[in-house]
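Undergrad: The structure under discussion is supplied below as structure tokens; questions concerning it will follow.
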Amino acid sequence: MAQQEDVFKKIVSHCKEYGFVFPSSDIYDGLGAVYDYGQNGVELKNNIKQYWWQSMVLLHENIVGIDAAIFMHPTTWKASGHVDAFNDPLIDNRDSKKRYRADVLIEEQMAKYEDKIQKEIEKAQKKYGDNFDEPQFRSTNPRVLENQRKYDDLHRRFQEVMNAEGGIDLEGLKQIILDEEIVCPISGTRNWTDVRQFNLMFKTEMGSTADGASTIYLRPETAQGIFVNYLNVQKTGRMKLPFGIAQIGKAFRNEIVARQFIFRMREFEQMEMQFFIQPGTELDWFAKWKETRMKWHQNLGFGAENYRFHDHDKLAHYANAATDIEFHMPFGFKEVEGIHSRTNFDLSQHAKYSGKKIEYFDPETNESYTPYVIETSIGVDRMFLSIMCHSYEEQLLPDGQTRTVLHLPAALAPVKLAVFPLTKKDGMPEKAQEIINDLRFHFNCKYEEKDQIGKRYRRMDAIGCPYCVTVDQQTLEDNTVTLRDRDTMEQHRVAISDLRSIIEDKVSITSLLKKLL
Ligand code: ATP
């Protein structure tokens, strides 16, 4: 675990050192849980967004995009339930003065029991090798059974307090924390305050006070911008059910426990798609979107074992199915995307609060109804973090040296091709520029002439650039260059005129999208 934390720290500093992610307002020592993306980070982020956007809008004839404003009419958030219920249960430790989400403390405790079980299984697996029978071991080993019982009891109690009549049972939550003897990770004590509810929305004022300013919110999710535009898009686009509306945009949450770098931010970006369907078909569509979205993730080639679904036991009152796609981060399996079957809750609420009729006339059945919705909602920043974590490697080379390399999927890499003149003389820089001038319209290229070639390779490895070419004396004679592959570090000679066809297909988002079909 400590080793994993070390790796994570290294990834965070790598992100800063190589222009991926900076603390916001760095010269003023940063702002809690707010980050800026640097020159390489913005390219990677844009590529992630493009991969998502195109997989939705380009590959589905019945999905269109919108870009709604961040500010919305305040009634939106009354209707959606965010004013009354977008709360986190908070608890403070009196000794460390640190604040925690009570539900997260309990979830972490459950994860500890799961970890203990997993460790026993791994130990036994090593001991018995091929003869290991996991189901039998799980049902007979006393330590596993004991931890499973603790997990099940805790899980059942947790469900009860989270789903209590009239909202979360705050006293019940605190009692669990006391009974489980959960300590503050900083002070190590159990000196806890009561649990309180805290609304996560940021408020601001619109208009001057003299005009009678009104309180408005920074949107905590992009989804509501889609719901309030359902009628506009359906009518003007003459959309027929089932159809989807996709959107990428900023969202804001006044997160209490803002840790883990860009995993939990106060200003972040979401990619959401609401898919409108006929009532009664939602569980089929839910299953279909689960599969489609998992395929999108696994298409990046990070290994199926690094993903899992986490089905929700605790459903929001309007949802009839919900799951998270979790990715194996250095700090455990964590949610990257949520998929929810939201019934007709949002559209009905907006119909009620706006007084507008928000329905779909189905020409096939001659009926009008409020569509049901399947939502897929993914955080750009969490996706960015999962890609960084998986790609980062400190590699020991056969010659005993080490290199830090980002094995980014080539289609997402900020820079696709670096071009180096071997020396700054004999027309090599000009030749290198010529290559860039020709290829820059097709993919992102970078010119580098400083330092020895070895150092230049290392810099490119560190930003995940999949290809480097070197212009040398021979280039001036026969128009060939050495092409070096980031992952294998192999080099071979190719004609300049072939560079585009060799590289373009491998680095284009299209190549990723084609694998999805
Ligand atoms: P969590 O339980 O981790 O707080 P959530 O279930 O509240 O997340 P959703 O409301 O389902 O998250 O939001 C959808 C997606 O938006 C999440 O899967 C995540 O990728 C992203 N997201 C949510 N909150 C944040 C945040 N504070 N910082 C970065 N990304 C976030």
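The values are calculated or read from the model by the stated rules, or taken from the named source; none is laboratory data. The shown structure was predicted, so the numbers you read here are calculated from the model rather than taken from an experiment. Neighbour counts run over all protein chains shown; Cβ positions are idealised from the backbone, glycine included. To get the accessible areas, we keep the full protein, side chains included, count just its heavy atoms, and leave off ligands, DNA and RNA. Shrake-Rupley method; radii C 1.70, N 1.55, O 1.52, S 1.80 Å.
Undergrad: Under a point-charge model restricted to the Cβ atoms of Lys and Arg (+1) and Asp and Glu (-1), what is the dipole moment magnitude of the chain relative to its Cα centre, in debye to the nearest 20?
TA: That gives the chain a dipole magnitude of about 540 debye.
Undergrad: All other residues with a Cβ under 13 Å from the Cβ of Ala68 taken together, and with Lys, Arg as +1 and Asp, Glu as -1, what is their net charge?
TA: Value of the local net charge: -1.
Undergrad: Right, something else. Using the Kirkwood formula over every pair of different C-alpha atoms, what hydrodynamic radius in Å results for the chain?
TA: 26.2
Undergrad: Compute the normalised compactness of the range 397-516: alpha-carbon radius of gyration over 2.2 N^0.38 Å, N being the residue count.
TA: After normalising by residue count via 2.2 N^0.38 Å, the value is 1.04.
Undergrad: Give me the one-decimal Kirkwood hydrodynamic radius in Å for the range 92-198, with the sum taken over alpha-carbon pairs.
TA: Evaluated over the range 92-198, this radius sits at 15.6 Å.
Undergrad: In degrees between 0 and 90, to the nearest 10, how far off the longest principal axis of the chain does helix 380-391 point, with axes built from Cα atoms?
TA: With rounding to tens, the tilt is 50 degrees.
Undergrad: Hey, another quick one. Rounded, prolate or oblate: which fits the range 122-259, taking a ≥ b ≥ c as square roots of the Cα gyration tensor eigenvalues, rounded meaning a/c under 1.5, else prolate when a/b beats b/c?
TA: oblate
Undergrad: Now for a separate question. Counting pairs of alpha carbon atoms under 8 Å apart in space and at least six apart in sequence, what relative contact order in percent does the range 397-516 give?
TA: Relative CO of the range 397-516 lands at 30 percent.
Undergrad: Another question about this same structure. Return one number: the angle in degrees, 0 to 90 and rounded to the nearest 10, between the long axis of the Cα atoms of helix 2-17 and the longest principal axis of the Cα atoms of the chain.
TA: 60
Undergrad: Find the Cα radius of gyration of the range 250-333, compare it with 2.2 N^0.38 Å by division, and give the number to two decimals.
TA: Compared with the compact-globule rule of thumb, the range 250-333 sits at 1.27.
Undergrad: What does the charge add up to near Lys49, with Lys and Arg as +1, Asp and Glu as -1, over the other residues with Cβ less than 15 Å from its Cβ?
TA: In short, -3.
Undergrad: Okay, moving on. Students often check this: by mean Cβ neighbours within 10 Å, which of 71-83, 17-29 ranks highest, and how do the rest follow?
TA: Output ranking for 71-83, 17-29: 71-83, 17-29.
Undergrad: Another question, if that's okay. Could you do me a favour and compute the accessible area per residue for the chain, 1.4 Å probe, result in Å²?
TA: Result: 50 Å² per residue.
Undergrad: Give the ranking of Lys126, Lys515 by solvent-accessible surface, highest area first, calculated with a 1.4 Å probe.
TA: Descending accessible area places them as Lys126, Lys515.
Undergrad: Filter the chymotrypsin sites (Phe, Trp or Tyr not before Pro) in the range 253-289 down to the DSSP loop ones having no more than 11 other Cβ atoms within 10 Å, then list what survives.
TA: Sites meeting the loop and neighbour criteria: none at all.
Undergrad: Work through the residues other than Leu231 whose Cβ is under 11 Å from its Cβ and net out their charges, Lys, Arg +1 and Asp, Glu -1.
TA: Neighbourhood net charge equals +2.
Undergrad: Let me spell out the model: positive unit charges on the Cβ of Lys and Arg, negative unit charges on the Cβ of Asp and Glu, origin at the Cα centre of the range 92-198. What dipole size does that give, in debye rounded to 20?
TA: Dipole about the Cα centre, nearest 20: 440 debye.
Undergrad: Starting from the Cα coordinates of the range 1-157, work out the convex hull volume and express it per residue in Å³.
TA: 295
Undergrad: Once Lys and Arg get +1 and Asp and Glu get -1 on their Cβ, which of Met201, Gln298, Phe327 lies farthest toward the positive end of the dipole of the chain?
TA: Checked the options; the winner is Met201.
Undergrad: Additional query: Compute and list, largest first, the equivalent-ellipsoid semi-axes of the range 259-301 from the alpha carbon gyration tensor, each √(5λ) rounded to a whole angstrom.
TA: 27, 16, 8
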